[in-house]
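Student: Before we start, here is the structure in question, set down as structure tokens.
Values in this text are rule-based calculations from the coordinates and carry no lab data. Keep in mind that this is a model prediction, so the values were computed, not measured. For neighbour counting, all protein chains shown are included, and Cβ atoms are generated from backbone atoms with ideal geometry for every residue, glycine included.
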Amino acid sequence: MTNRNEQWKHEKDGLEILKELPALAEKAFKEIDPGDIERLKWAGIYAQRPRDGHFLVRVKLPSGQLTAAQAKVLADLAAAYGKGEIQITIRQAVQIHNITLRDAVDILPRLKAADLSSVEACGDVPRTILGNPLAGVDAEELLDTRPLVEEVFRFFLGNRDFSNLPRKFKISISANPHDAGFARINDLAFVPARREGEAGFVAYVGGGLSAEPHLAVRLPFFIRPAEVKAVAEAVATLFRDEGYREKRNHCRLKYLVADLGAERIAEKIEAQTGALLRGGEEVTAPWNYGRFYGTHAQKQPGLCYVGVHVKNGHIRAEDLRAFAELAERFGQGRLRTTNSQNLILLDIPEGETEALLQDAIFEAYPTEPGFFTGYASSCTGNAYCNFAPIETKNRLHELTAALDEAFPEVGQPLRINLTGCFHACAQPQVADIGLTGGRARVGEAVVPVYTVMIGGHLSEGAAFAQPLEGRVADDKLFGLLEALVQKYLALREAGEPFYATVARTGLELWQSVANQYTIA
């Protein structure tokens with residue numbers, strides 16, 4: 001017996017909802033069939049908390065590419081329908097919250113007119129393609145991935161051959177050596193490689209987080225740029241035809257890959273693509289956590305990009321418009337979003353960067369944020385999410401701002417990710433310190449509590465964070481974080497990141513620190 005989501009998809013393809021949206025918009029929320037609420041995800045529309053008829057719309061920005069004109073359209077839509085707020089997501093998309101379905105009837109055509117799309121931004125489909133936000137301007141990229149991202153994005157967009165997958169399907173394509181695409185936690189990821197002097201990719205399959213995280217495994221192929229789409233199509237086809245569909249929490253590609261193994265998966269891919277080359281050496285450099293802060297030279301002589309910190313990934317509509325106008329005034333009208341929920345302005349002449357940074361907007365959106373505040377990530381939390389029982393964004397900023405003040409000598413990033421539930425949307429498993437929130441009775445009150453894991457990273461020898469025993473009540477959380485940082489500063493070797501110190505010293509030592517703050 002398949003799950004109810006499979007039954008809904010069998011009854012009607014999710015893409016049908018696009019034609020039915022005007023009629024649904026005339027109904028009261030409680031009158032809409034639950035299957036149609038689910039199918040709205042295929043339009044990129046997701047019911048938000050509280051379930052009272054308000055939704056978010058998610059807009060796909062493949063590899064984070066955004067023009068100033070498109071940014072202005074998003075700003076206008078957020079101002080008109082979304083309380084003037086825009087959220088940059090952890091997959092380089094953007095979301096506008098608090099819309100109604102009547103709003104959506106107006107929003108989707110305006111997105112299409114701006115060459116933007118929310119189609120299949122949610123649902124059991126290929127999601128937006130994650131990639132290098134510096135594609136095309138990156139002095140370190142092995143090749144410019146923009147044409148490949150565009151090709152794969154257009155192939156899957158609205159493609160009914162792939163509009164009924166067992167679960168969501170996440171693709172990453174990047175030729176940046178610093179793993180800008182977080183390869184090991186995607187269903188399918190292409191990373192830069194060379195073979196006998198030829199530039200191309202090696203691929204990883206089967207990554208994912210949530211309650212049972214899996215690191216993606218490497219396939220044996222060397223993939224030429226012209227073969228990327230064919231490999232992506234083959235993996236998506238394999239997932240569609242052989243992926244599990246019975247238990248909803250066991251339907252991701254990672255489970256099929258774990259059961260079959262990389263070599264068997266490779267055989268099934270080649271059965272579709274024909275023979276692929278074997279081998280190839282990855283082109284790697286230390287992981288940069290998806291952060292691109294400050295002013296740096298592009299590969300185009302005389303031009304720079306400027307990376308900006310967006311606190312909590314939230315940006316006001318008028319501020320996005322202001323950045324768009326700066327991109328037009330000082331550059332060529334190009335911006336990028338990052339999977340660290342930040343923003344980049346491209347094509348700024350070297351001689352103009354100082355004038356650009358004099359703009360007052362950089363007081364609220366710094367280019368050199370603190371080593372705690374600038375490297376933290378959080379999910380939406382209970383402001384809008386139906387699963388999260390706690391507030392996340394403001395709480396994490398309070399904590400990291402206090403840590404920036406308490407430890408000015410830390411000298412290098414320490415990444416704290418706070419997620420509001422087991423779905424792990426804020427990726428706590430790959431953080432130096434990962435926090436998963438919940439609620440529990442402590443004494444006479446029900447309060448936010450957190451489980452803590454430490455030592456996660458996607459650098460060489462990638463590893464998931466290890467859980468510490470016990471939970472921490474909210475009023476003890478800063479004390480624990482402070483104690484963990486103090487221990488790190490006392491034990492670290494020169495230049496050693498937090499995760500490496502944890503790996504070198506062992507979990508037991510860190511558990512002894514946590515024991516002073518945890519509850520059962």
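Student: Give me the dipole magnitude in Debye, nearest 20, for the chain about the Cα centre, with unit charges on the beta carbon: positive for Lys and Arg, negative for Asp and Glu. Show your work: numbers first, answer last.
Tutor: Numbers: 58 positive and 67 negative charges, 261 e Å.
Around 1260 debye, computed over the chain.
Student: Now for a separate question. Quick one: if the Förster radius is 30 Å, what FRET efficiency do Glu282 and Arg248 give, using the C-beta to C-beta distance and rounding to 0.05?
Tutor: Numbers: r = 34 Å, r/R0 = 1.14.
After rounding, the FRET efficiency stands at 0.30.
Student: I'm checking a number: the convex hull volume of the Cα atoms of the chain, normalised per residue, in Å³. What is it? Mind showing how you got there, number by number?
Tutor: Details: hull volume 81.2 nm³, N = 520.
That works out to 156 Å³ per residue.
Student: What does the extension gain come out to for Leu509 and Asp144, with contour length at 0.36 nm per residue minus their alpha carbon separation?
Tutor: Details: separation 365, 0.36 × 365 = 131.40 nm, distance 4.49 nm.
Gain on stretching Leu509 to Asp144: 126.9 nm.
Student: Oh, and also: Loop only by DSSP, 14 or fewer other Cβ within 10 Å of the Cβ. Give me the GluC sites (Glu not before Pro) in the stretch 217-299 that pass, ordered by residue number. Before the final figure, lay out each step's value.
Tutor: Details: sites: Glu227, Glu233, Glu242, Glu246, Glu263, Glu267, Glu270, Glu281, Glu282; in loops: Glu246.
Here the sparse-neighbourhood loop sites are Glu246.
Student: Over what distance in Å are the Cα centres of the stretch 384-450 and the stretch 485-520 separated?
Tutor: The stretch 384-450 and the stretch 485-520 have Cα centres separated by 18 Å.
Student: Same structure, new question: Along the Cα-to-C-beta direction of Lys83, a point sits 7 Å from the Cα; which residues of the stretch 38-64 have their amide N less than 17 Å from that point?
Tutor: Within reach of a label on Lys83: 46-58.
Student: Using per-residue counts of other Cβ atoms within 10 Å, averaged over each peptide, order 323-335, 471-483 from highest down.
Tutor: Numbers: 323-335: 20.2, 471-483: 17.6.
Averaged packing, sorted descending, gives the order 323-335, 471-483.
Student: Another question about this same structure. Choose one of Pro220, Leu238, Thr284: the residue whose Cα lies farthest towards the positive end of the charge dipole of the stretch 171-308 (beta-carbon charges +1 Lys, Arg; -1 Asp, Glu; about the Cα centre).
Tutor: The Cα lying farthest towards the positive end belongs to Thr284.
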